[in-house]
Amino acid sequence: MFETAPIEPKSGSITNSTNFSRTAAESARKEIPFPLPITRPLPQPDTVLVRRRILETFSVIRRRFGSILKKRVLRQRTTTEEVARALRLSFEDLGATYLKFGQLIASSPGIFGEAISQEFRTCLDTGPAIPFWKVRKIVERELGAPLEEIYDEFDSEPIAAASIAAVHRGKLTTGDEVAVKVVRPGVASTIATDIEIMEPLFSLLAKQIGVGLAGPLLQLLSGFSRQVAEELNLENELRVMDYNRQLARALGLKKILVPKTYPELSSTSVLTMEFVPGVAIDDLESITQFGFDPRPLIEDLVKAWFVTAARYGAFHGDVHAGNLIVIPDGRIAVLDWGIVGRLDERTRNFLRSLIAACLGDEEAWTTLVRLVREVYGQAANEVFGPDNEPVVKWVRSTLEPILTKPFGEVNLSVFFTEPQQRHAGKLEEEAKRRSLLEIVRMWRQRRRLRNLAESTGADTASFDHGTFLLGKQLVYFERYGKLFLSDTPLLADTEFFSRLLDDDPIVFSQD
């Protein structure tokens, strides 16, 4: 059991609105285990498609980066903003996988900087509509009936269109309002092909332009194919939504809504779910017109996320503003469960130790340093040196204020993004030193190795992107915290977080 010391109350601290019930908690523990993803590897890229996509990609890059490359030749100054805009336009032109990377940049100001992330904000909801005849064909093929027999109404124009799927509004014959998510036809082959050529492309950008963007992108490539493969199978999203809806009921989260799903009207490429009316969480003007205080919703949302991450080791991995909808009736809906963070035992222990340390457990600081050394190996020794004492002081001075001071006074992303920034910088420097011939040779060699690994059944996806997703969500919470809880520390409710670490029953109770 962790020893805890109370944090001094701050002005506007979160009040403890959590009631505890042994019966309800035991019921929550009997929930089915968090559903493991149904994994289907991406298709092997066809050589002809790879060559065609390479030509298309470099045609776009040449068009969008032409003026910047000209400036480089003339030794004229180029700004990060110019490069970011050219890269964002290139990603939007190429679509599919590149839009996914644009979404990562938009969601990660702690890694790329606020200005660059803001430039890529349009990628969060950008994507061409799927021609309606193709939508009809996919839905009817997957669900085995004409569209009019399945849905009483089905809008031909999407209400949202992203890189992998589009969402259409409809109505069932029962009168239920639904949202229907449809995977883009052929997107799996396109993504597999893009992943094949992205590494040499980003390496080339680092070498020719080198403004701090290519390194983080190279880093994020690791494990990306596994994440996207999960997203492409909508059965995974349906199962995760059903699980979290059951968990929300068990925890008494009456004001946090996970939309109902319709399994009989869903498949690997179609997901029919409850339509939720409302506005994005950062639409302050509309929320004010609803006439209720959204603060308690944000408090419970953050707490619920910590319960799933620290206790169950799995969490919603993409809680940006577009996926959090405030409903006029006083609830908040959590949408788009395609990206799920899964923490291995070491990473989950890191999160739990972090909470414990900031609650007052002195030994937990040493545990944190030990876990960091385990994760980063020799690199940690090179950065920090062999002595733990100065590292503990540095970690503590970095983390303790972040989690115990009000949101308005801290930068929550600092600790979680700094290791990634160091690694990304190293990748970019290595890329700059390579010649064009070396980049091509490395790409060919890695492609041969990957093909060999796949043919022998080996698993080459060793990167655990859970840590990145964890840090990304905390960056999101910082944004919401500054909007709604600027006078409140993240760990203000010490009783709640102590019980969370002790694995005591937790049930949220709301009026």
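The values are calculated or read from the model by the stated rules, or taken from the named source; none is laboratory data. Keep in mind that this is a model prediction, so the values were computed, not measured. Because the Cβ atoms are built from the backbone with ideal geometry, glycine has one as well, and the counts that use them run over all protein chains shown.
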Subset of segment 261-291 that is of a type in the set (D, E, K, R) and in contact (Cβ under 8 Å) with a residue 12 or more places away in the chain - its residue that is nearest to F154 (Cα to Cα): E274
Some residue of segment 59-78 being touching a residue at least 12 places away in the same chain (Cβ under 8 Å), within 18 Å of L221 (Cα to Cα) and of a type outside the set (K, R): no
Among residues of segment 125-141, those that are surrounded by fewer than 19 Cβ atoms within 10 Å (Cβ to Cβ) and part of a helix (DSSP H, G or I), counted: 8
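Matching residues to (1) more than 14 Å from the chain's Cα centre (by Cα); (2) modelled with pLDDT of 80 or more:
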{"residue": "T79", "(1), (2)": "yes, yes"}
{"residue": "V83", "(1), (2)": "yes, yes"}
{"residue": "A86", "(1), (2)": "yes, yes"}
{"residue": "S90", "(1), (2)": "yes, yes"}
{"residue": "Y98", "(1), (2)": "yes, yes"}
{"residue": "L104", "(1), (2)": "no, no"}
{"residue": "S108", "(1), (2)": "no, no"}
{"residue": "G113", "(1), (2)": "yes, no"}
{"residue": "I116", "(1), (2)": "yes, yes"}
Members of segment 243-267 found to be more than 20 Å from D329 (Cβ to Cβ), within 22 Å of the chain's Cα centre (by Cα) and modelled with pLDDT of 95 or more, listed by number: T261
Total residues in segment 90-105, condition outside any helix (DSSP H, G or I) and in contact with a Cys (Cβ under 6 Å, 6 or more places away or on another chain): 0
Test result for R53, at negative phi, assigned to a helix (DSSP H, G or I) and modelled with pLDDT of 90 or more: yes
Search result, residues across segment 487-507 that are part of a loop (DSSP other than H, G, I, E, B) and either of a type in the set (S, T, N, Q) or over 21 Å from P406 (Cβ atoms) (or both): T488, D502, D503, D504, P505, I506
Residue count, segment 73-91 (criterion: closer than 26 Å to V183 by Cβ and either in contact with a Ser or Thr (Cβ under 6 Å, 6 or more places away or on another chain) or hydroxyl-bearing (S, T, Y) (or both)): 1
Meets criteria (of a type outside the set (G, A, S) and in contact with a Ser or Thr (Cβ under 9 Å, 6 or more places away or on another chain)) for R311: no
Qualifying residue in segment 195-208 (condition: at pLDDT 85 or above, more than 30 Å from F484 (Cα to Cα) and touching an Asp or Glu at 6+ places or on another chain (Cβ under 9 Å)): no
Condition broken by K171, with the remaining ones in (1) assigned to a helix (DSSP H, G or I); (2) at pLDDT 90 or above satisfied: (1)
Any hit, segment 370-387, residues being out of contact with any strand residue (DSSP E or B) (no Cβ under 7 Å at 6 or more places or on another chain), at pLDDT 85 or above and either within 18 Å of A310 (Cβ to Cβ) or among the hydrophobic types (A, V, I, L, M, F, W, C) (or both): no
Members of segment 323-340 that are under 12 Å from the mean Cα position of the chain (by Cα) and either hydrophobic (A, V, I, L, M, F, W, C) or modelled with pLDDT under 85 (or both): W337, I339, V340
Selected residue [touching a helix residue (DSSP H, G or I) at 6+ places or on another chain (Cβ under 8 Å) and closer than 27 Å to A165 by Cα] from L104, L69: L104
